[in-house]
1. Does the range 53-71 contain any residue that is more than 14 Å from the chain's Cα centre (by Cα), at pLDDT below 85, part of a loop (DSSP other than H, G, I, E, B) and surrounded by fewer than 13 Cβ atoms within 10 Å (Cβ to Cβ)?
2. Take the conditions more than 24 Å from residue 10 (Cα to Cα) and part of a loop (DSSP other than H, G, I, E, B) and apply them to residue 94. Does it pass?
3. Would you pick out the residues in the range 8-22 that are surrounded by 15 or more Cβ atoms within 10 Å (Cβ to Cβ) and either out of contact with any strand residue (DSSP E or B) (no Cβ under 9 Å at 6 or more places or on another chain) or assigned to a strand (DSSP E or B) (or both)?
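The values are calculated or read from the model by the stated rules, or taken from the named source; none is laboratory data. Note that the structure is a prediction, hence the values are computed from the model and not measured. Cβ placement follows ideal geometry from the backbone for every residue including glycine, while neighbour counts extend to all protein chains displayed.
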């Protein structure tokens, strides 16, 4: 049985590079660079593949946009807008 390939259907779908989503390729590329620098290429590529597997399971069990919301919540995704509240302000007083 061939694995199913997800193709973008809408304009706001996540970006793809050839057949893979960018968020699936990022850990592999990052671990590839770290593996080259550490002279342990095979081990770090394997770690990158495992990270992609665990992240894809996590992503499929959550609603769309959950990772971006988590990055904003922890203050790692700066959003520049006048109406966007500070992510570190957890309680609002009237």
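1. no
2. Numbers: more than 24 Å from residue 10 (Cα to Cα): yes; part of a loop (DSSP other than H, G, I, E, B): yes.
It is true that residue 94 is more than 24 Å from residue 10 (Cα to Cα) and part of a loop (DSSP other than H, G, I, E, B).
3. Within the range 8-22, just 21 meets the criteria.
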